[in-house]
Amino acid sequence: MERWRTHTLLPLVLDALGLTGTDPATRRLAEAFGGEPAAVRERLVGEPARRSRRLLFASGGEIVLHDDAVAAVVLHLGPTPHAPRGLDLAEWIDGADGDATLEQLVTAVGAPRHFAGFGTPYLTLDGGYARLDFRDRRGWNEPGNLLSITVTAEEPGRTTRPEDDDCPSCSDLLVRREPAGGVDVEATVDALAAALAVGPLTEDAHWVRLADLQPLHASGLMERVESQLTCTTCRRIICLTLFRDSPPTFRYAVLDEAMRRPLEPIPPVEQWGDAARIAEEAGSMHHVDHEPGAWFLLEQQGVLYLHARYVINTMLDDSALIRLDDTEHEAYRTGGRSYISRLARRIHDGSPHEKSSPFHQRNLLRGPDARSYRDAVAQAVVNHTWLAEQRRR
């Protein structure tokens, strides 16, 4: 029998997952945490709304319920506002204490170790997962860095973290219509735009720009129009979606979920934008041609750019953006896409990540304006990427 079944109180935690707050298994867990919670926090999350309820115990335990079903159980090992001392881990896992490192926990629990991203180790249990949160998402081999253990039925990294329901940067950006409920689109867009302007949010240029969301929706040209913005605090991705024939939605997603959401081709701005937006687009970068998985040829006010993928090693690849010089521009005029393919191959073989490469200094994605160039490229190719093709299927 696995060690965690007989040498930990984790079975008590796992038994409560998915059950209601009044179920006997949940009540047994609450009693193990000390009885009645010291505080209860409630909020509605997203639209359609999900009710999030957090039961915080003076011992350092926490039970998170989504629509009255236990979604997560948290063992806080350090002090919190409602638990000055935090839980004594040794009472929950034999052979472990608050100074436990990742390897010590693996040994004490006797469960397989995995990672959801570089900074999020977790243990696989029968019926759930134990996510191990270390200080600054690092230092798991140093004693004293373990902050909490979160047990969920969902595999870490596949869905948003339950504790992020209360993220101070993004949890209050959805504005609901009163008294009917639902998304107040104009007020929510304003709130998102304000957060985007001051820093807690970043915008994904592979989707509809937030500023274009309402004009595109009003045009009726798309069945669904979606903007995606990432919270820099909790890393959740906000998906605000306006539909032609149904109410808008406001959802939080992790990266894999967000990437897989559908997006139709975005119509030319001339079909839906006002004069100012059309003029802005005229000065932007535009798609000219591409070779799937290899390169994009782009144009901006008569200047040509080549965005080419290259391989660094068997585990890592990257891309370079170079401005075609006069000689290359003329070679493209006479040689067409065959020349661009050869140039992209030269970039690939030229290892642009190395300073000795003739393309290193020319790579605009490494310069001071790298972010603006990346966004410009993303907006120019949004309808032409492999991912765009998958989203439309």
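The values are calculated or read from the model by the stated rules, or taken from the named source; none is laboratory data. All figures in this text were calculated on a predicted structure; none of them were measured in a lab. With ideal geometry, Cβ positions are generated from the backbone for all residues, glycine too; neighbour counts draw on all protein chains shown.
Brief remarks on what is shown
- Residues of region 28-55 satisfying the condition of being closer than 16 Å to V13 by Cβ and out of contact with any helix residue (DSSP H, G or I) (no Cβ under 9 Å at 6 or more places or on another chain): E31, F33, G34
- For region 1-50, the candidate set comprises residues that are on the phi > 0 side of the Ramachandran plot and touching a residue at least 40 places away in the same chain (Cβ under 8 Å); within that set, the residue that is surrounded by the most Cβ atoms within 10 Å (Cβ to Cβ) is G46.
- Among the residues of region 117-155, those that are among the small types (G, A, S) and either modelled with pLDDT of 90 or more or under 20 Å from G86 (Cβ atoms) (or both) comprise G128, A130, G139, G144, S148, A153.
- Pair list, Cβ under 6 Å, 6 or more apart: region 163-182 residue over 25 Å from A197 (Cα atoms), other residue surrounded by 18 or more Cβ atoms within 10 Å (Cβ to Cβ) and modelled with pLDDT under 95: none
- Complete set of residues in region 27-84 that are in a strand (DSSP E or B), among the polar types (S, T, N, Q) and more than 30 Å from P247 (Cα to Cα): T80
- Any hit, region 75-84, residues being farther than 24 Å from R235 by Cβ, among the hydrophobic types (A, V, I, L, M, F, W, C) and either touching a residue at least 12 places away in the same chain (Cβ under 8 Å) or not assigned by TED's automatic domain parsing to the domain that holds T8 (or both): yes
- In region 337-354, the qualifying residues are those that are exposed (fewer than 15 other Cβ atoms within 10 Å of the Cβ) and at pLDDT below 90, and the one that is nearest to T327 (Cα to Cα) is D349.
- Sub-9 Å Cβ pairs linking a first residue in region 139-159 that is at negative phi to a second residue that is in a loop (DSSP other than H, G, I, E, B) and of a type in the set (S, T, N, Q), at least 6 apart or interchain, are W140/T101; N141/T101; E142/T101; P143/T101; N145/T101; L146/T101; P156/T120, ordered by first then second residue.
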